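The structure appears right after this line, and notes come after that.
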Amino acid sequence: MSTHSLGAVGLPTVTAPTAGAAGAPAAAAHAAESATLWRPSAPCTPHTCVDVTGPARAVPLAALRLAAVLFLLVVGCLAIPLGGRIPAELIQRWCRWVVRASGVRVRIDGGAAPDGGLLLVANHVSWLDIPLLAAVRPARMLAKSEIRQWPVAGWLTARSGALFIDRDRIRALPETVARIAEALRGGEAVAVFPEGSTWCGRAQGHFRRAAFQAALDAGVPVQPVRLHYRTAQGAPGTAAAFVGEDSLLTSVWRVVRARELVAEAQVREPIAPGSGTDRRSLARAAEVSALGGGRQVQVTGPRRTVPFPVPGAVRTAHSAGAAQPPSVLAREALTA
């Protein structure tokens, strides 16, 4: 099993595609990404989607939680050079510790993910998704290329074995798919969030198809996982959501302040090689398995109700002025 998730689960590398990064103007970064046609973008924002009205920890206790998370991340970063000498079970246990250190209880349901080459796919809600998914099975993460330029985080991400995708160069997409397929053929697990953006957890996006072509090319199974955050009473919990103009520090602090938050990873039945004849049907099967296939078009936030545009309608509105992508793979990656 791969040990590359040791670096990938670090806070610097778990930035969602449309969420702001610590140390940078988050709102400006989010606006720029939303304006790019090729980049998926969710309409979720902290103001409209994140409810923090539940019980909160005292500030001193929250600060201790934050210190514990940082300590575990430093330990993980120091262990990166050890590579494959670290047992996968220890990596999975460490990932659980990262989530638990933040004050969030962990629950993983379902069977164990298959060994060997595996495309691990899940919905995307929070920076906690990375350690939570790696607790299911350690994997190489697919990360946005911008992270390479970040101080310290870029180096750590590259050392972790992450695969990078340049979302400003649609022509580079086939090459990225080929690199994912190569890793899968080598017996590694690769973790992808096919929605391409974080959602608040009470609404969801659609699984983009491109990464599923890599699974078809490599002849490996796809492992859908549903990630869900709730309160101890069972109600949906959005405190962990890392959306919109959120900065990483703001999101982490909100999580360590929250009480009675539970993180769940529901491991669905793996989709065997050959079950999908093309990437469209494979992506759809994984989406239905992980998300139930339902379209939620509005969410009642803590302050007001926000309409959620159906992704297909948004793409149709943009398509008139869009340039033609260079290949069928690139074109179909933009559609549901």
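The values are calculated or read from the model by the stated rules, or taken from the named source; none is laboratory data. Predicted model only: the values in this text are computed from it and were never measured. Heads up, the Cβs are rebuilt from the backbone with ideal geometry, glycines too, and the neighbour counts pull from every protein chain shown. When the accessible area is computed, the model is the full protein with side chains, heavy atoms only, and any ligands, DNA or RNA have been set aside. Shrake-Rupley method; radii C 1.70, N 1.55, O 1.52, S 1.80 Å.
Which members of segment 81-98 meet the condition of being in a helix (DSSP H, G or I) and buried (at least 16 other Cβ atoms within 10 Å of the Cβ)?
Ala88, Ile91, Gln92, Trp94, Cys95, Arg96, Trp97, Val98
Can you tell me which of (1) assigned to a helix (DSSP H, G or I); (2) surrounded by 12 or more Cβ atoms within 10 Å (Cβ to Cβ); (3) touching a residue at least 40 places away in the same chain (Cβ under 8 Å) is the one Leu72 doesn't meet?
The one condition Leu72 does not meet is (3).
Would you mind telling me which numbered condition in (1) buried (at least 23 other Cβ atoms within 10 Å of the Cβ); (2) at pLDDT below 95; (3) not polar (S, T, N, Q) Arg259 fails?
(1)
What strands (runs of 3 or more DSSP E) completely inside segment 99-168 contain at least 2 residues that are at pLDDT 85 or above and open to solvent by 10 Å² or more (accessible area, probe 1.4 Å)?
Ranges flagged: 105-109, 140-144.
Given (1) touching a Lys or Arg at 6+ places or on another chain (Cβ under 7 Å); (2) within 24 Å of Ala290 (Cβ to Cβ); (3) outside any loop (DSSP other than H, G, I, E, B), identify the lone condition not met by Ala62.
For Ala62, the exception is condition (2).
Counting only residues that are open to solvent by less than 30 Å² (accessible area, probe 1.4 Å) and in a helix (DSSP H, G or I), which one in segment 31-59 is modelled with the lowest pLDDT?
Filtering segment 31-59 for residues that are open to solvent by less than 30 Å² (accessible area, probe 1.4 Å) and in a helix (DSSP H, G or I), the one modelled with the lowest pLDDT comes out as Glu33.
Restricting attention to segment 241-260, does a residue exist that is assigned to a helix (DSSP H, G or I), touching a residue at least 24 places away in the same chain (Cβ under 8 Å) and in contact with an Asp or Glu (Cβ under 8 Å, 6 or more places away or on another chain)?
No; the residues of segment 241-260 include none that is assigned to a helix (DSSP H, G or I), touching a residue at least 24 places away in the same chain (Cβ under 8 Å) and in contact with an Asp or Glu (Cβ under 8 Å, 6 or more places away or on another chain).
Of the numbered conditions (1) surrounded by 24 or more Cβ atoms within 10 Å (Cβ to Cβ); (2) modelled with pLDDT of 90 or more, Thr238 fails exactly one; give the number of that condition.
It is condition (2) that Thr238 fails.
Checking Arg226 against (1) more than 29 Å from Ser102 (Cα to Cα); (2) open to solvent by 10 Å² or more (accessible area, probe 1.4 Å); (3) at pLDDT 95 or above, which single condition isn't satisfied?
Of the numbered conditions (1) more than 29 Å from Ser102 (Cα to Cα); (2) open to solvent by 10 Å² or more (accessible area, probe 1.4 Å); (3) at pLDDT 95 or above, the odd one out for Arg226 is (1).
Taking segment 194-217 only, how many residues are over 16 Å from the mean Cα position of the chain (by Cα) and open to solvent by less than 20 Å² (accessible area, probe 1.4 Å)?
Result for segment 194-217: 2.
Out of the residues in segment 262-298 that are hydroxyl-bearing (Ser, Thr, Tyr) and at pLDDT 90 or above, which is nearest to Asn123 (Cα to Cα)? Can you show your working first?
Taking segment 262-298 and keeping what is hydroxyl-bearing (Ser, Thr, Tyr), we get 275, 277, 281, 289.
Now drop any that are not at pLDDT 90 or above, which leaves 281, 289.
On the way: Ser281: 17, Ser289: 11 Å.
Only one residue fits best here, namely Ser289.
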